[in-house]
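Student: Quick one: structure below, then a few questions.
The numbers here are math on the coordinates, done by the rules we state, and not lab data. For clarity, every value in this text was computed on a predicted model and none was experimentally measured. Quick reminder, even Gly has a Cβ in these numbers, built from the backbone with ideal geometry, and neighbours come from all protein chains shown.
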Amino acid sequence: MTPSHECKRFSVDEARDAGVVADFEWDVYYAHAATSTAQEEVVKSTASIRDVYDGEKHKIRVGDLDGDLPSTVPETFETLTDLRSFSQSKEGANAREASSEFDKLATDAFTRRPKRWQLFPPVETLVELVARHAPEQQCVVLVQSYEQAQQVGDVLRKRYGEDFVYTPDSGSSEQFDEIKDFRDRESGIIVGPARVLGTGVDLPNAEIAINLSKGGVNASLIQRIGRVLRNPNGDKEAKFYHLVTLPSDPQGLLLGEDGRRLLRRASEFRALGARLRQLPSYDVADEATEKTLATLERRGAAAVTADERSVDEIVGDEIAQEFLRTVRQTIESVSDAETNESILRTFNGSSIDRQARPVAEAVKRHRPDDGQQSTFETEREQDDTDEMEQLRELVDTYTGSPVGTGRSFRKTVDGGEIPRVIDTEFDGRGESLYGA
């Protein structure tokens, strides 16, 4: 007789209580970049922008460039994104042809972003994070390239032994054998880029994930968090580190511009955590990184205040908007303008109370300075079509958040066995697997 199949629906809280998904914590972890060619290129592309960046009003003053510019070029741009967008327009193309100075500025604005994505923390930073959990737990380290995986793997092997550390190479005949060997162990370390450890690779026993990011909230981040959410035995506690690399050379920073983006992304991380019902903590690798982070926070808060756009225009998600307002107000209330202590670090991660209203309406936040807790409410779900809206729907679908599409966890019970219910392959395959 063919076993019957039953479809069950779970809220996030119910799924965690039932052991369907792991209890987990996650940190947004800031670290200085290692000395590298990429950082040198960031410094180089930043130089021309710094020459026309108004550090008081936090504007890019294109009108300060040498030579004449076409009248269609604005005197100032609010952000590098605005400058890049204009440079891609017909008027921008004409300006680049008419002015070599503007052409160089536009070129540097375009090249600076991918160079920042290539920044990589010192290997020791990753090794120290792994050491918090190895050799007792199963650790996954997600890097940006196979070359980085080899660098990290070589150092880890010296510490834990050849047989304990895996760095499978994409396309090699041993790739899937190594992944299987790691999956069958109770503990171990596997290091690799997304193309090796991404879509189609199931690591259900992974307890720790360390993710080197090159951006903010995106589908890749959600997918990688899913690596440690799977809970085949019902008793797993997981930890996820999301590493954000900051230039260690001050000449590679545009304090207001970069600080505003950092605060916006920190707010988006908070909003994602609300929908996962696990708010992130914010932490740093060392004192030098905290000093840079604190400086970026102060200047970023000033840039948000000076911005001609409202907070609602700077970030689209309502939870992120409220958190950005709270962080800015907290930073501006600190009396010591030169403090080297990060404000973000005072916002501790925690599970959202199951008695709280749905996360689109209320999120519990913590005020470590006075020990009190408060809730803030939002009134509507923004109807937009930007990337954050798509990501909200994605999280709603695959984590059972009571917002957006309203779908919940689905699991198939077959002969008493509970297979995985979090499918991290957001390419449509999850829909057919679970009948969502």
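Student: May I ask you to evaluate 6.51 cos²θ - 1.76 cosθ + 1.60, the Karplus curve with θ = phi - 60°, for each residue of the range 221-226 and list the ³J(HN,Hα) values in order in whole Hz, giving x for glycine and proline?
Tutor: Working through the residues one at a time gives 5, 4, 4, 6, 4, x Hz.
Student: Please compute the contact order of the range 206-297 in relative form: average sequence separation of alpha-carbon pairs under 8 Å and at least six residues apart, divided by the residue count, as a percent.
Tutor: Working: 72 pairs, mean separation 28.4, N = 92.
Across the range 206-297, relative contact order equals 31 percent.
Student: Starting from the range 160-230, pick out the trypsin sites (Lys or Arg not before Pro) whose DSSP state is loop and whose Cβ has at most 15 other Cβ atoms within 10 Å. Kindly include the intermediate steps, with their values, before the conclusion.
Tutor: Details: sites: Lys180, Arg183, Arg185, Arg195, Lys214, Arg224, Arg227, Arg230; in loops: Arg185, Lys214.
Here the trypsin sites (Lys or Arg not before Pro) that fit, given the DSSP loop and packing criteria, are Arg185.
Student: Using modelled amide H (1.01 Å from N, peptide plane; none on Pro or chain starts), what sits under 5 Å from the amide H of Gln278, excluding residues fewer than 5 places away?
Tutor: Excluding prolines and chain starts, which carry no amide H, the hits are Ile352.
Student: Which FRET efficiency value, to the nearest 0.05, do you get for Lys214 and Arg50 by plugging their Cβ-Cβ distance into 1/(1 + (r/R0)^6) with R0 = 25 Å? Present the calculation step by step, with values, prior to reporting the outcome.
Tutor: Numbers: r = 23 Å, r/R0 = 0.90.
Working from the Cβ atoms, E equals 0.65.
Student: If we sort 26-38, 90-102 on the protection proxy, mean other Cβ atoms within 10 Å, highest first, what's the order?
Tutor: Working: 26-38: 20.0, 90-102: 16.5.
My ranking of the peptides, most packed first, is 26-38, 90-102.
Student: Could you put Thr292, Thr339 in order, starting from the residue whose Cβ has the fewest other Cβ atoms within 10 Å? The partial results should precede the final answer.
Tutor: Numbers: Thr292 23, Thr339 15.
Lowest to highest Cβ neighbour count: Thr339, Thr292.
Student: Hey, another quick one. Among 256-263, 69-76, 114-121, 44-51, what's the highest-first ranking by average C-beta atoms within 10 angstrom per residue? Please list the in-between numbers first.
Tutor: Numbers: 256-263: 24.0, 69-76: 14.1, 114-121: 19.8, 44-51: 17.4.
The densest-packed peptide leads the list: 256-263, 114-121, 44-51, 69-76.
Student: On a full-extension model of 0.36 nm per residue, what is the gain between Arg309 and Glu147, subtracting their alpha-carbon distance, rounded to one decimal in nm? Walk me through the numbers before you get to the answer.
Tutor: On the way: separation 162, 0.36 × 162 = 58.32 nm, distance 4.13 nm.
Here the segment from Arg309 to Glu147 would lengthen by 54.2 nm.
Student: While we're here: Kindly write out, for the range 283-298 in residue order, the coupling ³J(HN,Hα) from the Karplus curve 6.51 cos²θ - 1.76 cosθ + 1.60 (θ = phi - 60°), rounded to whole Hz, with x marking Gly and Pro.
Tutor: 9, 10, 6, 6, 5, 5, 5, 4, 4, 5, 4, 4, 5, 5, 4, 4
Student: Take Glu75 and Arg113, extend 7 Å from each Cα along the Cα→Cβ direction, and tell me the distance between the two endpoints in nm.
Tutor: 2.7 nm
Student: Enumerate by residue number the GluC sites (Glu not before Pro) in the range 132-191 meeting two conditions: DSSP loop (anything except H, G, I, E, B), and at most 15 other Cβ atoms within 10 Å of the site's Cβ.
Tutor: Working: sites: Glu136, Glu147, Glu162, Glu174, Glu178, Glu186; in loops: Glu136, Glu174, Glu186.
Here the GluC sites (Glu not before Pro) that fit, given the DSSP loop and packing criteria, are Glu136, Glu174, Glu186.
Student: If you don't mind, there's one more thing I want to ask. Given the C-alpha centroids of the range 202-279 and the range 105-184, what is the distance between them in whole angstrom?
Tutor: Measuring centre to centre over Cα atoms gives 16 Å.
Student: So, one more: Name the long-range amide H neighbours of Tyr30: under 5 Å, sequence gap of 5 or more, or other chain; modelled H, no Pro or chain starts.
Tutor: Residues meeting the amide H criterion: Val244, Asp283, Val284, Ala285.
Student: A follow-up question, please. Would you grab the residues whose amide H sits under 5 Å from the one on Val141? Only those 5+ places off in sequence or on another chain, please, with H modelled 1.01 Å from N.
Tutor: Ile190, Val191, Gly192, Ile210
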